[in-house]
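The values are calculated or read from the model by the stated rules, or taken from the named source; none is laboratory data. Since this is a predicted model, take the numbers as computed values, not measurements. Methodologically, a virtual Cβ is constructed for each residue, glycine included, from the backbone with ideal geometry; neighbour enumeration extends over all protein chains shown. What goes into the accessible areas is simple: the full protein's heavy atoms, side chains included, and nothing from ligands, DNA or RNA. Shrake-Rupley method; radii C 1.70, N 1.55, O 1.52, S 1.80 Å.
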Amino acid sequence: MQGEFRGDFTRDTHNPSKQFLRVFMQQGRVQLDADWNEQSAILLHYLQSLATDLIGPYGGPVENCGFEMISRSSLEEADAESELLKRFDELEASDTPNFLMSPGHYYVQGKLCHNPDYVFYTQQEQYPLKETEKLAEGQLYLAYLDVWERHITYLEDESELSPGIKEVALGKADTTTRSQLVWQVKTISIKEDDISGGDESDEDRGDSNARQAFVNELKTDPSQLQKLLIAANGFKPGTGKLKAQASIPAGPDASTPCIIAPDSRYRGAENQLYRVEIHNSGETGTATFKWSRENGSVIFPIEQIGDNTITLGHLGWDDRSSLKPGDWVELVDDIYELQGLAKSLRQVDSVDTSTLTVKLKETSSPSDSIGLNEKAHALLRRWDQKGKENHPLQNGVLPVKEGDWIELEDGIRVYFAPTDQENLPNFYMTGDYWLIAARTAIGDVEWPQESKDGKLEPMALPPHGIAHYYAPLWLLTVEDSGVISVESDGDCRCKFPNLCQIYELQSQG
């Protein structure tokens, strides 16, 4: 799993390096969610790998290639009576300058991005723009796709317009969840040097040769877009690595079962899937993390929001999945999730089980106000971290401290591995996470091991997710007058013909 999956899962068993082809059911055996999740993961990995091998890192069909950028000026030149011009006339002043994106298909790392209709940049359903992300006059931009997977439960799928995941005939019973592909068209400001390559003799950013070379580089080399993202907005992929363990050797007598320390094992009463997730981005000392023993799956639908009081749809199905005073919670909705935000966690002050209301402790920071949209699937998510003497909480989360084992609970410990490169510190990105399967039968966690000096040690692993995939789309210029110029030579999309078109071209000689 490489998406934002916070479901109530047993564990994640898909490992592409094992090259498993299918999962077999056997007679009279226990059925586990992990096995069937692995089956779908095997098939999905195969199909997306095949599509990537055939198409390349990104591309769209010639006849139905989506995400063509359309400006008002280009419509006026082509067809002054176009119905699409009326859409521009209906825009609010706050939504200008703007551009339309055409419907169609585009594949990014084998993942199908389907745009069903013409949509404005500022009105994307899966990407509510921040004010700072709107287009500014007198700028050259590169529009690109950011593609990732989001986990959807029946609570995020509730809608007045269409039936949802939940089977209403089952009453309160919960069943399956879904993976949703999220595509978001974003823009970054491009400098003249990015196109000219810093060549002072090429001062005109519209120089056709330099522009064409720049576009061709973006089409053929995916690393070029990542370099631009880093230069433009400080984008950095998460590079931090984590180790996890529970069974801790007890000195020189570790091999003697009778004298292993009683705390040198997982002491939990139940099997758990721990989730360690980065909250605030940054390097060690700045980055923070939170953790959940239930993979972050303990959530509560928000029905009504007051100043510091929230009315919930339910308080969980049992004590294990409920709330109590002192718990730390995160207040989220669709906008929060889709923008990848990380606001301070809030602490539960009291819980009224008769009215299903939760009172949160006061906060002095205006940025910590609830500020949720109740109609955007507002939820309250519980996290389980507690402060310890050597690792105190900071606004409800823990600081990332490299080179030191940090105990979570019941003997579970994690270790953020220091970087091997002195001048290149690790960077931790909001949303990066690791999954740790703790099992009572072995009194330990399931974690890959490696041999060092004849001893087995936990491996330092990169995050399990969230995996983001990127594809360049189009160069566009916002003139000082606010008019957007979209030129055909700024099209950074790769296009491929279908088999019929290839056959026709071959038959024509």
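A few notes on this one:
- Hits in the range 158-178 - residues which are closer than 20 Å to I335 by Cβ and touching a residue at least 40 places away in the same chain (Cβ under 8 Å): E158
- Within the set G296, G238, G268, the sole residue that is modelled with pLDDT of 85 or more and either within 30 Å of T357 (Cβ to Cβ) or not in a loop (DSSP other than H, G, I, E, B) (or both) turns out to be G296.
- Selection of the range 96-120 for residues being within 16 Å of C494 (Cβ to Cβ) and not in a loop (DSSP other than H, G, I, E, B) yields G104, H105, Y106, Y107, V108, K111, L112, C113.
- The residues of the range 132-189 that are under 24 Å from the mean Cα position of the chain (by Cα) and β-branched (V, I, T), listed by number, are T132, V147, I152, T153, I165, T175, T176, T177, V182, V185, T187, I188.
- Residues of the range 7-56 satisfying the condition of being under 23 Å from Y470 (Cα atoms) and among the charged types (D, E, K, R): D53
- Count of the range 1-46 residues which are in a helix (DSSP H, G or I) and among the β-branched types (V, I, T): 1
- Unmet requirement for T477, which otherwise passes all of (1) touching a residue at least 40 places away in the same chain (Cβ under 8 Å); (2) loosely packed, with under 13 Cβ neighbours inside 10 Å: (2)
- Test: residue in the range 481-492 that is over 29 Å from the mean Cα position of the chain (by Cα), in a strand (DSSP E or B) and under 30 Å from L181 (Cβ atoms): yes
- Residue within the range 201-221 that is at pLDDT 90 or above and part of a loop (DSSP other than H, G, I, E, B) present: yes
- The set of residues from the range 296-336 being charged (D, E, K, R) and over 21 Å from the mean Cα position of the chain (by Cα) comprises E303, D307, D318, D319, R320, K324, D327.
- Of the residues making up the range 433-461, those that are part of a loop (DSSP other than H, G, I, E, B) and touching a Phe, Trp or Tyr at 6+ places or on another chain (Cβ under 9 Å) are T440, I442, G443, M459, A460.
- Test result for Y503, open to solvent by 20 Å² or more (accessible area, probe 1.4 Å), at pLDDT 95 or above and among the hydroxyl-bearing types (S, T, Y): no
- Residue in the range 418-430 that is within 30 Å of P97 (Cβ to Cβ), in contact with a His (Cβ under 7 Å, 6 or more places away or on another chain) and open to solvent by less than 50 Å² (accessible area, probe 1.4 Å) present: yes
- A count restricted to the range 15-56 and to residues that are open to solvent by 60 Å² or more (accessible area, probe 1.4 Å) and among the hydrophobic types (A, V, I, L, M, F, W, C) stands at 12.
- Taking every residue in the range 460-471 that is β-branched (V, I, T) and pairing it with any residue that is surrounded by fewer than 16 Cβ atoms within 10 Å (Cβ to Cβ), at least 6 positions away or on another chain, yields no pair with a Cβ-Cβ distance below 6 Å.
- The residues of the range 221-245 that are of a type in the set (V, I, T) and either open to solvent by less than 60 Å² (accessible area, probe 1.4 Å) or within 20 Å of K186 (Cα to Cα) (or both) amount to a single one, I230.
- Consider the range 57-71 and keep the residues that are open to solvent by 20 Å² or more (accessible area, probe 1.4 Å) and in a loop (DSSP other than H, G, I, E, B). The one that is farthest from G490 (Cα to Cα) is P57.
- Of residues in the range 166-180 being open to solvent by 50 Å² or more (accessible area, probe 1.4 Å) and under 30 Å from H468 (Cα atoms), the one modelled with the lowest pLDDT: D174
- Checked against the criterion of being free of Cβ contacts under 8 Å to residues at least 12 places away in the same chain, over 30 Å from A173 (Cβ atoms) and surrounded by 16 or more Cβ atoms within 10 Å (Cβ to Cβ), the candidates L129, L145, L135, L140 yield just one match: L129.
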